[in-house]
Amino acid sequence: IDELIRERDILNKNMIKAAQSTEKQQNIVKLLEQDKKTLENEINGYRQEAQKQRKIIQQLEKERDRYINETSSLMQKARHRDNKDSSRV
């Protein structure tokens, strides 16, 4: 009987250790899941910011092209006027 009691105590002790280990693992999994959600939210924020930046870049490139075309057109008009003025002299 003493041996059975001792074996029962050992089994109970092992069961408690296993339960504690399982609880620790569950807590770790919960923390990792929270970290994962946090990182996913950060990534989504960065994606949205990148999308905004791409739109701004596109707008700036369009504006740059418009100014280039406008400048080119004005330079051609100025050359045309200069040519007219030099031919009159």
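For segment 14-55, state the average projected area of the convex hull of the C-alpha atoms over all orientations, rounded to one decimal in nm². Can you show the working numbers first?
Working: hull surface 9.6 nm².
Computing the convex hull of the Cα atoms and averaging its projections yields 2.4 nm².
Using the Cβ atoms and a cut-off under 14 Å, what net charge is assigned to the surroundings of ILE16, where Lys and Arg are +1 and Asp and Glu are -1? Intermediate values should be presented prior to the final figure.
Values: positive: ARG8, LYS13, LYS17, LYS24; negative: ASP9, GLU23.
Net charge in that neighbourhood comes out at +2.
Counting other Cβ atoms within 10 Å, which GluC sites (Glu not before Pro) in segment 58-89 have at most 11 and lie in a DSSP loop?
Passing both the DSSP loop test and the Cβ count: no residue.
Using 10 Å bins from zero, what percent of all Cα-Cα pairs in the chain falls into each bin?
13, 14, 12, 11, 11, 9, 8, 7, 6, 4, 3, 2, 1
Given Cβ point charges of +1 (Lys, Arg) and -1 (Asp, Glu) and nothing else, what value in debye, to the nearest 20, does the dipole of segment 24-89 about its Cα centre take? Please report the intermediate quantities before stating the final value.
Details: 16 positive and 11 negative charges, 45 e Å.
Using only the charged Cβ atoms, the result is roughly 220 debye.
Read-outs throughout are calculated quantities, based only on the coordinates presented, and are distinct from any laboratory measurement. Treat the numbers as computed from the prediction; the structure is a model and nothing was measured. All Cβ positions, even for glycine, are placed from backbone atoms using ideal geometry, and neighbour counts span all protein chains on display.
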